Amino acid sequence: MKNCISSLNEELQKIANEELGEVTSRIPEDLATLRLWLQHQPHLKYRDDDQFLLQFLRGCKYSMEKAKTKLDLFYSLKSKYPEMLNLCNVDDPKFREVCKLGTFLTLPNPVNGTGPRIVVGRYCYPTNKFGVEDIFQPACALHEILLAQDPFACICGIIYIVDFKEATASHFLQMTPNFCMKLVSFLEKSMPLRIKSVYYINTSGAAQQFFKILFPFFSQKLRERVHVMGADLSEMIKDLSIECLPKDYGGNLPSLEDLTVEFNKSWESCREFFKENANCGTDETLRPGKPLDIDGLFGVGGSFRQLIVD
């Protein structure tokens, strides 16, 4: 167990207090309560370090029951879909090959210097060589890096820019309803990182058809935070500012190609973190009560049915 919590700067701590309901003096007690519950879940094999568990409390605005639900679903999904959601080896050649394509990366400057972290996704991969789950394995692992290391993402949340400029019909054919369910259940339902906005840019008619599959899985709150636009990025630039956007999108940061090279260095420092994933997950045969039916968690319109964890 790693009993070490990274301190926040004054501005981020103020945001944590005001927006997340954090009371610094109460953190040890809150962590102890969460750990006590975890210790009574025989089906769960989990990371036990303070920083990791604290983020589930922060991401749920210190609702203990919501934190339990997210933790349980987080590990249940990793065990059910390990190829996409449970990276254990950052040195895997195929994984590194996908990373070099730059399909997903975080941008170095948070919004306004102390705001949400920006994540860029692009469909810039050959579909005759990679499936969409190959591409989203680094994307999902990227979120674990943010969860473990990034105070801006952890406190202020994430803004997504999803660029369809290079997307083709073959890309859209890979994005089945089953894939969309996996993606949304992991990123929105189980990850304790708040999604602040999503910008879909350079969209086409084919992208609009894809949205008809994807959007029903979103919560109503997330749907209200989605911006869909074509090649005119003026709205996004106004919202996010040129200081935190790459020059590909009219910003002052280096190109996405150069930023990808820099971002991919982050996997080196996380090698042991991801190795530990091999020891974590769920064993549904040991779960008290009925095994979790992940496929049944989504009702009509993508609503999330309550997961009972106590």
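Here are a few things to note about the model shown:
- Violating pairs (Cα-Cα greater than 21 angstrom) within the set K68/K212; K78/K265; K66/K196: K68/K212; K78/K265
- A straight chain from H40 to K66 at 0.36 nm per residue would run longer than the Cα-Cα distance by 7.7 nm.
- For region 33-129: rounded, prolate or oblate by the Cα gyration tensor [a/c cutoff 1.5]: oblate
- Amide N of region 89-133 lying under 12 Å from the label point, which is placed 7 angstrom from the Cα of E262 along Cα→Cβ: 106-110
- Cα gyration tensor category, rounded, prolate or oblate, for region 200-265 with a/c compared to 1.5: prolate
- With K and R counted +1 and D and E -1, the other residues having a Cβ less than 15 Å from that of W267 yield a net charge of -3.
- In the chain the longest region clear of GluC sites (Glu not before Pro) that are loop-assigned by DSSP and have at most 13 other C-beta atoms within 10 Å covers 1-165.
- Reachable aspartates and glutamates, given that their alpha-carbon falls under 20 Å from the alpha-carbon of K247 and they are not under 8 places away in the same chain: D163, E166, D232, E235, D239, E257, D258, E262
- Under 20 Å from a label point set 7 Å out along the Cα-to-Cβ vector of M229, the amide N atoms of region 162-189 belong to 162-167.
- Of K14/K275; K165/K275; K45/K189; K45/K290, pairs whose Cα-Cα distance is over 27 Å: K14/K275; K165/K275
- Only helical runs count toward this figure. For the chain, summing -39,500 (n - 2.57) over DSSP H runs of n ≥ 4 and dividing by all residues gives -12500 deg cm²/dmol at 222 nm.
- Most mobile of R117, R271, R58 in a GNM of the chain (Cα contacts under 10 Å): R271
- Region 244-284 and region 136-198 have Cα centres separated by 12 Å.
- For log10 I(q)/I(0) by the Debye sum over Cα atoms at q = 0.07, 0.10, 0.15, 0.16 Å⁻¹, the value calculated from this model appears in (1) -0.30, -0.59, -1.15, -1.27; (2) -0.26, -0.55, -1.35, -1.55; (3) -0.26, -0.54, -1.23, -1.40 under label (2).
Bear in mind these aren't lab numbers, they're just calculated from the coordinates by the rules spelled out. Note that the structure is a prediction, hence the values are computed from the model and not measured. Here Cβ is always computed from backbone atoms with ideal geometry, including for glycine, and neighbour counts include all displayed protein chains.
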